[in-house]
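The numbers here are math on the coordinates, done by the rules we state, and not lab data. These figures come from a predicted structure and were not determined experimentally. Glycine gets a Cβ as well: all are built from the backbone with ideal geometry, and neighbour counts include every protein chain shown.
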Amino acid sequence: MGTEDFKFAEVFSYESLVHAVAGAMGSVTAMTVFFPLDTARLRLQVDDRRKARSTPAILAEIVREEGLLSPYRGWLPAICSLCCSNFVYFYCFHSLKASFLRGQRSTPGKDLLFGIVAGVVNVLVTTPLWVVNTRLKLQGANFRNADIRPTQYSGMIDAFVQIVRQEGLWSLWNGTFPSLLLVLNPAIQFMIYEGLKRQLRRGGVVRELSAVEVFLIGAVSKAVATTVTYPLQTVQSVLRFGQHRQPTEHSQLLSSLRSMTYLLINRVRKYGMLGLFKGLEAKLLQTVLTAALMFLLYEKIASLTFRVMGVKSPNYRR
């Protein structure tokens, strides 16, 4: 898969734009439906002294202490971040496939590689949005951990300004190192998802998958990817929240590596190996359902758009 196989025009194709818009729309809708589950997951990851362990228990606790709408705190910045993030990811992933494959059938290895490249681009572009999203989502929460300092932001713009003023520009990229490692999450997810789609279409029959088939393979692919990478996601959430004092090193990479290692070891010492998976139940419940619904909506929106516009999709064999 060398440079001679690359077709630059496909990077800016209409088909890639349709995939990106469909992916963004599907993810925003799905996240809105299951947003309270993500709130529960984030509290379990960041507030390590909270006793409630199950998702229903922690949501009931949040509503009782902070109000009925508190599970939707930070919804707008989260949706903005997710929309941008999925637009970038779907656009990169499908433009890479269209540019390199050009009528050929993809393979799990190629899907994984395309997913990793798309993930790296996505992380570098959208991490500041996710840092602000994490801060706003946890603002006003009742924490059990007394070491956590309260924050006061009036909105996304104010959060950006305050973070840069008080912590420096690079703090907007807090958690970038584990995020770069976590590009394996969507890469594995897309590899499994695309592979299962090929298996369902084996025999050379090109057909549109049913809603049930898309929902199930979307759920399975996300469940595997999330379970494998969950400890790193916990570290990522803690670093984005900005309450962990990072060691001062000349190298930003070395500093991030030390912080990540410290947080992983500290969590194992406090809670054992299972501590690395605290909040996994809430995360699986939220991400599996969200991903399944997102892929279902994405496939239907993309298929309908191509059909209405009379465009043959895609420029590669999926």
Margin query: How much length would be gained if the chain were fully extended between V224 and C84, taking 0.36 nm per residue of separation minus their Cα-Cα distance, in nm to one decimal?
Written below: 48.0 nm
Next item on the list: Please compute the net charge surrounding Y72, taking Lys and Arg as +1 and Asp and Glu as -1 over other residues with Cβ under 12 Å from its Cβ.
Entry: 0
Margin query: Can you tell me what percent of all Cα-Cα pairs in segment 60-109 are more than 19 Å apart?
Written below: 56 percent
Note to self: Using 0.36 nm times the number of residues separating E61 and V120, minus their current alpha carbon distance, what extension gain do you get?
What the structure shows: 17.6 nm
Check: Using 0.36 nm per residue, how much length does the chain from K300 to R269 gain when fully extended, once their Cα-Cα distance is taken away?
Finding: 6.5 nm
